[in-house]
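What follows is one structure encoded as structure tokens, with my remarks underneath.
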Amino acid sequence: MTITKRLFSLSLLAAALGTAVMTAQAQSAKFAVGYTNIADSDFFPNMVKKAFIDAAKADAAVDVKFADANNDVTRQLDQIDNFIAQKVKAIVVVPVDYEGITPGIERANKAGIPVVTLNIQAKGGKSTFVGSKNIDAGRMQGEFMAKALPQGAKVLYLQGTPGLYHSMEREQGFMAALKARKDVNVLSSLSGNYSRAEGMKITEDWVQRYPKFDAIVAANDQMALGALQALKTAGRKGVLISGIDGTADAKTAIKAGEMAQSVLQNGQAQAQGAFKVLTELKAGKAAPADVLVPFESISKDNVARY
């Protein structure tokens with residue numbers, strides 16, 4: 001190799017090394033965030049995640065690393081540990097389990113890494129909760145049905161996944177508000193695991209078991225829409241259906257007169273609220289204790305606004 005060629009090769013190597021160093025410096029200068037989702041396969045949490053991704057596009061200096069816990073709290077705890085090892089600047093958690101996620105949050109606290117619990121609260125550890133109070137959603141369903149149901153009405157309730165605090169709060173809120181109607185009888189309360197398919201299957205069984213009922217109230221829109229499909233197939237009409245989340249399909253069903261109500265959980269506002277907290281942390285500000293996004297009741301009277 002001639003001296004000229006050798007010098008040229010060395011200059012190329014130096015340029016490559018310089019580029020690598022600058023890239024590494026640029027990456028280290030970014031505000032790294034770890035985001036662990038309860039389950040990408042779950043409709044609503046995935047919608048919130050997509051809204052968060054859109055919000056994060058506003059700041060190129062924020063680098064978000066995503067992980068999917070797939071409904072496994074042990075896996076989610078491992079993901080938090082990985083984020084801590086990577087020395088991220090903040091961690092966003094959509095918890096698999098209200099109580100089970102606590103040790104991971106506490107470890108992040110010990111490492112001095114701020115935590116945002118998004119959409120779902122955590123029992124312990126220090127975090128900023130960004131989301132909605134689930135008991136309010138159930139209460140809105142109960143208040144709606146207390147006004148809309150006929151005398152002596154019979155109601156069926158589709159629970160969320162057993163053991164999850166938001167499933168329990170939504171049901172508790174509904175049952176407490178429905179007590180205003182002493183004449184209303186809840187025939188059955190079964191879990192559809194927030195699944196459209198399971199909501200449909202349970203409703204198919206209810207149609208066979210109960211010759212008459214006036215309403216099906218579900219802890220989310222997916223189960224409510226599954227119930228609607230089962231009622232359509234069975235030719236059962238005149239049943240009031242209520243869900244939670246304010247999804248596009250639910251709003252379409254309300255406009256068509258097929259669903260009576262959905263309680264909007266504003267996932268986009270929650271995602272934007274979480275990203276705003278990160279922006280404040282990035283600017284050196286203290287994180288707030290909570291950022292609450294109110295639920296909103298959607299019915300035929302106001303669905304046009306949504």
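Can you give me the relative contact order of the range 136-199 as a percent, contacts being Cα pairs under 8 Å and 6 or more apart?
On the way: 93 pairs, mean separation 30.1, N = 64.
Here the relative contact order equals 47 percent.
Could you look at the chain and say what percent of its accessible area is carbon and sulfur, using a 1.4 Å probe and all protein chains?
Details: 8090 of 14850 Å².
Reported share for carbon and sulfur atoms: 54 percent.
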For Lys57, give me every one of the lysines with a C-alpha distance below 23 angstrom, ignoring sequence neighbours fewer than eight places off in its own chain. Lys30, Lys49, Lys65, Lys87, Lys89, Lys276, Lys282, Lys285
For the range 61-137 and the range 166-200, what is the separation of their C-alpha centers, rounded to whole Å? 28 Å
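From the C-alpha gyration tensor of the chain, pull out the three semi-axes of the equivalent ellipsoid (sqrt of 5λ each), sorted largest to smallest, in whole Å. Walk me through the numbers on the way to the answer.
Details: eigenvalues 453, 79, 56 Å².
Ellipsoid semi-axes (Å, largest first): 48, 20, 17.
Does the range 136-231 come out rounded, prolate or oblate, given a ≥ b ≥ c as the square roots of the eigenvalues of its C-alpha gyration tensor, rounded meaning a/c under 1.5 and, failing that, prolate meaning a/b above b/c? Don't jump to the answer; show the numbers that get you there.
On the way: a/c = 1.92, a/b = 1.11, b/c = 1.73.
Verdict is oblate for the range 136-231.
Would you mind checking Lys232/Lys300; Lys126/Lys251; Lys123/Lys154 for any pair whose Cα atoms are more than 29 angstrom apart? Kindly include the intermediate steps, with their values, before the conclusion.
Working: Lys232/Lys300 19 Å; Lys126/Lys251 36 Å; Lys123/Lys154 35 Å.
Distance filter (> 29 Å) returns Lys126/Lys251; Lys123/Lys154.
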Residues of the chain: accessible area per residue at 1.4 Å, in Å²? 49 Å²
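Can you check how the C-alpha radius of gyration of the range 153-306 compares to 2.2 N^0.38 Å, as a plain ratio? Could the numbers behind the result be given before it?
Details: Rg = 17.4 Å, N = 154, 2.2 N^0.38 = 14.9 Å.
Here the Cα radius of gyration is 1.17 times the empirical estimate.
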With springs only between Cα atoms under 10 Å apart, run a GNM on the chain and tell me which of Arg196, Arg209, Arg181 wobbles the most. Arg209
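Within a Cβ distance under 14 Å of Thr233, other residues only, what is the Lys/Arg minus Asp/Glu net charge?
Net of charged neighbours comes to +2.
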Which percent, to the nearest 5, of DSSP beta bridges fully inside the chain are antiparallel? 10 percent
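The values are calculated or read from the model by the stated rules, or taken from the named source; none is laboratory data. Model, not experiment: these values are computed from the prediction. Quick reminder, even Gly has a Cβ in these numbers, built from the backbone with ideal geometry, and neighbours come from all protein chains shown. All accessible areas refer to the heavy atoms of the entire protein, side chains included, with ligands and DNA or RNA removed. Shrake-Rupley method; radii C 1.70, N 1.55, O 1.52, S 1.80 Å.
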